[in-house]
Amino acid sequence: SMTDELTDIRKDLSKKLKKERFEHTIGVMYTAASLAMCYGEDIQKALPAGLLHDCGKYCPSKDQIKLCEKYVISLTESELAMPALIHAKLGAYLAEHEYGIKDRDILDAIIWHTTGRPAMTMLEKIIYIADYIEPNRKIIPGLEEIRSIVFQDIDRAIYLSAKRTVRYLEDGGKAVDPMTVSTCEYYRKEE
Ligand code: FE
Ligand code: FE
């Protein structure tokens with residue numbers, strides 16, 4: 001059953017991921033389930049998507065790049081320049097081929113969890129924002145507001161988090177993936 005599958009995956013990830021990453025993963029899984037309850041999304045998709053969203057982070061980014069070459073996962077220039085993005089595509093590959101997830105919706109939610117994208121599916125929105133707000137995340141400016149509105153207005157929560165991510169990267173002099181910018185612009189409403 002799905003429950004047994006989740007238990008097996010969880011056990012495996014508890015060995016592969018660092019302790020903090022694993023705790024984050026569990027936080028995302030249950031936050032995603034709660035959001036699924038709120039927004040009428042399938043909880044049985046939200047749980048595995050949340051559990052596996054960072055499974056590509058089990059090794060350093062150098063090794064993630066090598067694995068992408070091995071599995072013929074094509075990376076954009078921006079992904080090669082920002083290795084922190086790579087675990088999303090790699091994770092979706094591993095979810096499918098190592099953890100037996102065949103559901104396209106779940107795999108897409110893993111692929112888009114880091115940058116978001118315009119016109120996300122509800123499951124994609126849920127994993128994107130659950131990653132941002134899960135209870136183990138350390139408080140950064142704006143997080144409490146996002147947490148307080150996400151169960152009323154998930155699109156606004158996505159806009160605020162994407163805006164915050166762009167600003168954080170720019171302030172740190174870091175490159176911003178064009179897709180993150182597109183996500184921010186798409187979810188901005190006239191204010
Ligand atoms: Fe991630
Ligand atoms: Fe994450």
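The values are calculated or read from the model by the stated rules, or taken from the named source; none is laboratory data. The model shown is predicted, which means the values in this text are computed figures rather than measured ones. No Cβ is skipped: glycine too gets one built from the backbone with ideal geometry, and neighbour counts run over all protein chains shown. In case anyone asks, the SASA skips ligands and DNA or RNA and just uses the protein heavy atoms, side chains included. Shrake-Rupley method; radii C 1.70, N 1.55, O 1.52, S 1.80 Å.
A few remarks follow.
- Estimated 222 nm signal from helices in the chain, with DSSP H stretches of n ≥ 4 weighted -39500 (n - 2.57), rounded to 500: -20500 deg cm²/dmol
- Assuming charge only on the beta carbon of Lys and Arg (+1) and of Asp and Glu (-1), the dipole of the chain about its Cα centre is about 540 debye to the nearest 20.
- Cβ-derived FRET efficiency at R0 30 Å, K102 paired with K15, nearest 0.05: 0.80
- Dipole magnitude of the stretch 1-75 about its Cα centre (Cβ charges: Lys, Arg +1; Asp, Glu -1), debye to nearest 20: 420 debye
- Per-pair calculated FRET efficiency, R0 = 30 Å: D171 and F22 via Cβ, rounded to 0.05: 0.55
- For the chain: accessible area per residue (Å², 1.4 Å): 52 Å²
- Computed on the stretch 87-184, with alpha-carbon pairs under 8 angstrom and 6+ residues apart, the relative contact order is 24 percent.
- Each principal axis of the Cα cloud of the stretch 65-113 was evaluated for its coordinate range; sorted largest first, these ranges are 29, 22, 13 Å.
- Dipole orientation for the chain: of the candidates M29, L67, A130, L67 has the Cα lying most toward the positive pole (charges on Cβ; Lys, Arg +1; Asp, Glu -1).
- Given +1 at the Cβ of Lys and Arg, -1 at the Cβ of Asp and Glu and no other charges, the dipole of the stretch 1-45 around its Cα centre is 320 debye to the nearest 20.
- Stokes-Einstein D (µm²/s) once Rh is taken as the Kirkwood radius of the stretch 50-182 over alpha-carbon pairs, at 25 °C in 0.890 mPa s: 160 µm²/s
- Label zone at S34 (point 7 Å along Cα-to-Cβ), backbone N below 18 Å, the stretch 147-170: 147-158, 161
- Cα centroid separation - the stretch 74-91 against the stretch 95-166, whole Å: 17 Å
- Label sites at K189 and S148, each approximated as a point 7 angstrom past Cα along Cα to Cβ, lie 1.7 nm apart.
- Considering only Y168, Y39, Y128, the mean-square fluctuation computed in a Gaussian network model of the chain, springs between alpha carbons under 10 angstrom, is largest for Y168.
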